[in-house]
Amino acid sequence: MKIKPIPTKYRGTTYRSTLEADWAATLDWYKIDYQYEPEGLELPSGELYRPDFWLPRINTVLTLAASSFG
């Protein structure tokens, strides 16, 4: 069974899923600067990749993935 994400609005931004909106709220709570779905990054393989969050102060990307149970 595939679970479809539910677009969720948080502070004026529509996130692709409740999970992403929850992470945005958590990052805000901890006062961590982030950009949601920034422009794509080029991987060493040459492939373009768009992370869910970019954390510029620590030069880190954050990618979320849901898993299914059962």
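Run through the chain and list the trypsin sites (Lys or Arg not before Pro) located in a DSSP loop whose Cβ has at most 16 other Cβ atoms within 10 Å.
Lys2, Arg11, Arg16, Lys31
If contacts are Cα pairs under 8 angstrom and at least 6 residues apart, what is the relative contact order of the chain in percent?
It comes to 20 percent, rounded to a whole number.
In the set (i) 24, 11, 9; (ii) 21, 19, 11; (iii) 18, 13, 11, which value of semi-axes √(5λ) of the Cα gyration tensor in Å was calculated from the structure you see?
(ii)
Where the accessible area of the chain is counted over protein heavy atoms with a 1.4 Å probe, how much of it, in %, is carbon and sulfur? Show your work: numbers first, answer last.
Numbers: 3220 of 5770 Å².
Here it works out to 56 percent.
How large is the accessible surface per residue of the chain, computed with a 1.4 Å probe and reported in Å² as a whole number? Numbers along the way, then the final one.
Details: 5770 Å² over 70 residues.
The answer is 82 Å² per residue.
Please return the longest range in the chain lying between exposed loop sites, taking chymotrypsin sites (Phe, Trp or Tyr not before Pro), DSSP loop only, at most 12 other beta-carbon atoms within 10 Å, and leaving the sites out. Spell out each step's value before the answer.
On the way: sites that count: Tyr30, Phe69.
That would be 31-68.
What does the extension gain come out to for Ile58 and Tyr10, with contour length at 0.36 nm per residue minus their alpha carbon separation? Write down the numbers at each step before the final one.
Details: separation 48, 0.36 × 48 = 17.28 nm, distance 2.32 nm.
Result: 15.0 nm gained on full extension.
How far apart, in nm, are the 7 Å Cα→Cβ label points at Ala65 and Tyr30?
Those two pseudo-labels are separated by 2.0 nm.
Considering only DSSP states other than H, G, I, E and B, which GluC sites (Glu not before Pro) in the stretch 14-70 qualify as loop sites with at most 16 other Cβ atoms within 10 Å?
Values: sites: Glu20, Glu39, Glu42, Glu47; in loops: Glu39, Glu47.
Answer by residue number: Glu39, Glu47.
The values are calculated or read from the model by the stated rules, or taken from the named source; none is laboratory data. Source: prediction; values computed, not measured. Quick reminder, even Gly has a Cβ in these numbers, built from the backbone with ideal geometry, and neighbours come from all protein chains shown. Protein only, heavy atoms only, side chains kept; ligands, DNA and RNA dropped before computing areas. Shrake-Rupley method; radii C 1.70, N 1.55, O 1.52, S 1.80 Å.
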